[in-house]
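I have a structure here, written as C-alpha cells, and I will follow up with some questions on it.
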Amino acid sequence: MIAKWGKYKAKEADAYIAQLAKETEALRLEYNQKFDEISEENQRLKQRLAELEGKESLIARVMLDATLRAKDIEEDYKQRAHESDMGYEKLRAEWSGHFKASKDNIENIKTEAAAMLTQINEQFEQLSKWSDQKLSELTAGELPKIELTSTHPAYETGSEIPQQTVDLEQEIAKGAGADLKELCEELGLMD
C-alpha cells in the first residue's frame, strides 16, 4: 500500500487490514493452541507433582515410622543386652559364691581330715605303746599253757605246736576278753 500525497486507497487499506487480521487470527490460533498445549502440560505436571508429593509424604511417613521402629528396636536390644548382662553377672556371682564355698568346704574337709589323721596316728601310737608295754610286761614263764583244740591248724595235721605259739595264742585268747572300757580309758578316748 502506497500512499499518494498522504492518502491511502481504501481497497488496498482494506486488503492490508484483512491480511493483518488474518495473520493476527493465525497467530492467535497458534498461540491459543500453544496455550492449550502448555495448559495441558501444566495440568499433567501438576498431577505428577501431586503424585510425587503424595509419594513424598508416604515416603516421609515410612521413613519416620522406620526411624521410630529402629529406635524402638535399638532400645529393646539395649534393654535385652542389659538384662542379659545383669543375668550373666548374677549367675557369675552366684557360681563364684558356690565355687568359693566349695573351695572353703574342701579346705575345711582337708583340715578336718588332717586333724583326724593326726588324732588317729596319736591314738595308734598310744595303742602301740600300750600294747608294747603290755607285751613287755609279760614274760615267757607267765604265759599260761593252752591245750590243743580242734580249731588250731596243727591239730588237723597232728604235728606238735611250738611252745611260743601256744603261749602267744593263750595271751591273745586272754586279751579277747579284755575290758574295752579300761583300754579306752588308758588311751584317753573316754573320761
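Read-outs: derived from the displayed coordinates by stated rules, not from any lab. Just so it is clear, the model here is predicted, and its values are computed rather than measured. Reconstructed Cβ throughout: ideal geometry from the backbone, glycine too, with neighbour counts over all protein chains shown.
Could you list, in sequence order, the residues of the stretch 1-60 that are under 60 Å from the mean Cα position of the chain (by Cα) and part of a loop (DSSP other than H, G, I, E, B)?
If the condition is that a residue be under 60 Å from the mean Cα position of the chain (by Cα) and part of a loop (DSSP other than H, G, I, E, B), then no residue fits.
Where residues in the stretch 79-124 are within 17 Å of the chain's Cα centre (by Cα) and either loosely packed, with under 10 Cβ neighbours inside 10 Å or of a type in the set (Asp, Glu) (or both), which of them is farthest from Glu186 (Cα to Cα)?
The extreme case among them is Glu83.
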